[in-house]
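K.L.:
Handing you a structure now.
The values are calculated or read from the model by the stated rules, or taken from the named source; none is laboratory data. Bear in mind the structure is a predicted one, so any value in this text is a computation, not a measurement. Every residue, glycine among them, receives a Cβ derived from its backbone with ideal geometry; neighbour counts consider all protein chains shown.
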Amino acid sequence: MSMFSAVELGHKVARKEYKKRERELHTQLLETQRRLRESDITLLVIVAGVEGSGKGHVVTQLNTWLDNRSITTNAYWEETDEERQRPHLWRYWRDLPARGCIGIMFGSWYTRPIIDHAFDRIDEDDFRNDLNQIADLERHLTEDGVIVLKLWYHLSVESQEQRLLEDHKQLEIVSPYLEKHASRREIFTRISEIAIRETDQSYSPWHLIEAEDPFYRDLTTGEILLQTMRERLDMEEDWKAQSKTGFFVSEENLPDSGRSVLDLVDLSSHLSSKDYETQLDHYQALAQQLAWQARAAGVNTLLVFEGWDASGKGGAIRRLTHPIDARLYRVISVAAPTDEEKARHYLWRFWRQIPRKGYMTIYDRSWYGRVLVERVEKFATHREWFRAYQEINSFEEQLTDHGCVVLKFWLHIDPDEQLRRFQEREKIPWKAHKITEEDWRNRERWHDYSHAVTDMVERTHSPLAPWHLIPANDKKYARVAVLKAFCDALGVKLASEQVENSESQDI
């Protein structure tokens, strides 16, 4: 039996009763919203359902009941060119509200998968893969303190037809979705039911609301919203306590094999000056050529540079970008998050910087700070950094599913070489700014960072988003190794794109 057929229809609320309950509800919503603003909690309201169920009126009513100075309402219709050039969830990450605020999604990350499957643009496997990514996203947001409130408005077939007909007469235009969607109601109903069942989780449940009577629909919406906010705010202290103790395995209880992946890096790797110049010229010329080919093919590239202080990340990046037209790439140096960034999920600032097709973004430090410096220095709780492995893997999977080339470099040096470079920086005037007290302090935690790097590589390495552990005691060798890895990966991707395009043309 369909879950929608189980929705009890026929609820009605008299106008007089509605006005009485609405006044009290309005007051309570404003008071609870004030508590929300003073908290670290974000409320994200997803408004979805059948055409003609009054979703637009619901959104208007919510903005009327609540103080809309701390509300953002986003309607997601057709994707723009800018949005199509990035992974599907990019547009939603970009619009995430800050902590203490409310975001209303009129249309959401469910819209495109449902429509695409209904019109046979994606098959069942791709549809369920999209739902799995959505479920992951909602879990990650919930664990970060976001309330994901999902509202589905339901109408009977007869009521929908009548409602759409009335809208047609009043507006003297045909609803943009009437002909396309109403004629496929049975298909949409089946696919929507799958989406709801697959993503109806305890941390982000669906609420099915009958929309036959507008008064009942609006009051039910407001009461669900009020109850959800109150329950979450009442348990905030418990939530904070859980964040400190953690739902997950603590760092002290993580298995320690007694070895480090860094022990496998051959730090004796070396290039002579002559070989360096020859190979540098070769790979820089190839990098320039591949960058323009990627631009023409619409292949976007994302490179992550991590490594020890003074390991040569900046020099490697400069040798990589030197031959490439500056219009094709951006280098982002990641520092401590700003207040705006701290007010949202830590991945928010990185989602915003994803390059569009044909371009590349290079990160000097990255989202891996969550499982490195934030872990070691205890800027993040055990619970926060431990769950980040799964969050990062999901993030990178979405990038590669979209066709992005993801390359991750760890530049490795030994403590003696780092000490030599630190001392050199202190002596040379134009390098003195590169050395700080924090750099010296971090040396004292070399073992802790090595352990964190091992966990990071073992838990986030994948064939499509691999880690490259680069021996960097010899800067020349490291720079060429980075260039070669970049050229190899981009060359393989472009060759694959050519094969796919050729096969599609043959079909």
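K.L.:
So how many residues does the stretch 96-138 have that are of a type in the set (D, E, K, R) and touching a residue at least 24 places away in the same chain (Cβ under 8 Å)?
P.N.:
6
K.L.:
Scan the stretch 338-372 for residues that are free of Cβ contacts under 8 Å to residues at least 24 places away in the same chain and more than 27 Å from Lys493 (Cα to Cα) and jot them down.
P.N.:
Across the stretch 338-372, the qualifying residues are Thr338, Asp339, Glu341, Lys342.
K.L.:
Filter the stretch 312-347 down to the residues that are more than 26 Å from the chain's Cα centre (by Cα) and of a type in the set (Lys, Arg), then identify the one that is surrounded by the most Cβ atoms within 10 Å (Cβ to Cβ).
P.N.:
Arg319
K.L.:
Still on this structure, please answer the following. Out of all the residues in the stretch 409-444, which are hydrophobic (A, V, I, L, M, F, W, C), farther than 19 Å from Ala316 by Cα and modelled with pLDDT under 80?
P.N.:
Once the filter is applied, which keeps residues that are hydrophobic (A, V, I, L, M, F, W, C), farther than 19 Å from Ala316 by Cα and modelled with pLDDT under 80, the stretch 409-444 yields Ile428, Ala432.
K.L.:
To continue, here is another question. Quick one: count up the residues across the stretch 203-227 that are of a type in the set (Phe, Trp, Tyr), buried (at least 17 other Cβ atoms within 10 Å of the Cβ) and more than 15 Å from Ala14 (Cβ to Cβ).
P.N.:
1
K.L.:
Here's another thing I want to ask about it. Going through the stretch 215-228 one residue at a time, which ones are farther than 24 Å from Tyr110 by Cα and in contact with a His (Cβ under 8 Å, 6 or more places away or on another chain)?
P.N.:
Tyr216
K.L.:
Do any residues in the stretch 57-77 that are touching a residue at least 40 places away in the same chain (Cβ under 8 Å) have Cβ atoms under 8 Å from those of residues that are surrounded by fewer than 17 Cβ atoms within 10 Å (Cβ to Cβ), where the two are at least six apart or on different chains, and which pairs are they?
P.N.:
Filtered contacts from the stretch 57-77: His57/Pro214; Trp65/His26; Trp65/Leu30.
K.L.:
Of all residues in the stretch 396-433, which are hydrophobic (A, V, I, L, M, F, W, C) and touching a residue at least 60 places away in the same chain (Cβ under 8 Å)?
P.N.:
Within the stretch 396-433, Leu399, Cys404, Val405, Val406, Leu407, Phe409, Trp410, Leu411, Ile413, Phe422 qualify.
K.L.:
Moving on to the next point. Quick one: in the stretch 350-361, which of the residues that are more than 28 Å from Ile413 (Cβ to Cβ), of a type outside the set (Phe, Trp, Tyr) and within 16 Å of the chain's Cα centre (by Cα) is surrounded by the most Cβ atoms within 10 Å (Cβ to Cβ)?
P.N.:
So the residue we want is Ile354.
K.L.:
Inside the stretch 347-372, can you point out the residues that are touching a helix residue (DSSP H, G or I) at 6+ places or on another chain (Cβ under 8 Å) and assigned to a helix (DSSP H, G or I)?
P.N.:
Trp348, Arg349, Phe350, Trp351, Trp367, Tyr368, Arg370, Val371, listed by residue number.
K.L.:
Same structure again: For the stretch 208-235, which positions are part of a helix (DSSP H, G or I), hydrophobic (A, V, I, L, M, F, W, C) and more than 11 Å from Leu151 (Cα to Cα)?
P.N.:
Phe215, Leu219, Leu226, Met229, Leu233
K.L.:
Please determine, by comparing only the residues of the stretch 293-311 that are within 21 Å of the chain's Cα centre (by Cα) and in a strand (DSSP E or B), which one is surrounded by the most Cβ atoms within 10 Å (Cβ to Cβ).
P.N.:
Phe305
K.L.:
Next question, about the same structure. If you go through the stretch 362-371 one residue at a time, how many are surrounded by 19 or more Cβ atoms within 10 Å (Cβ to Cβ) and either of a type outside the set (Phe, Trp, Tyr) or in the same structural domain as Pro97 (by TED's automatic domain parsing) (or both)?
P.N.:
Selection size over the stretch 362-371: 5.
K.L.:
In addition: Of the residues Thr27, Thr72, Thr42, Thr32, which single one is of a type in the set (S, T, N, Q) and surrounded by fewer than 13 Cβ atoms within 10 Å (Cβ to Cβ)?
P.N.:
Step by step, each of Thr27, Thr72, Thr42, Thr32 is checked, and only Thr27 is of a type in the set (S, T, N, Q) and surrounded by fewer than 13 Cβ atoms within 10 Å (Cβ to Cβ).
K.L.:
Leu30 - would you say it is in the same structural domain as Phe215 (by TED's automatic domain parsing), free of Cβ contacts under 8 Å to residues at least 40 places away in the same chain and more than 30 Å from Glu391 (Cα to Cα)?
P.N.:
Spelling it out, Leu30 is indeed in the same structural domain as Phe215 (by TED's automatic domain parsing), free of Cβ contacts under 8 Å to residues at least 40 places away in the same chain and more than 30 Å from Glu391 (Cα to Cα).
K.L.:
Consider Glu391 carefully, then state whether it is over 22 Å from Trp93 (Cα atoms) and either touching a Gly at 6+ places or on another chain (Cβ under 7 Å) or in a helix (DSSP H, G or I) (or both).
P.N.:
no
K.L.:
Checking Glu83 against (1) under 30 Å from Val405 (Cβ atoms); (2) touching a Lys or Arg at 6+ places or on another chain (Cβ under 7 Å); (3) not in a helix (DSSP H, G or I): exactly one of these is not met. Which one?
P.N.:
(3)
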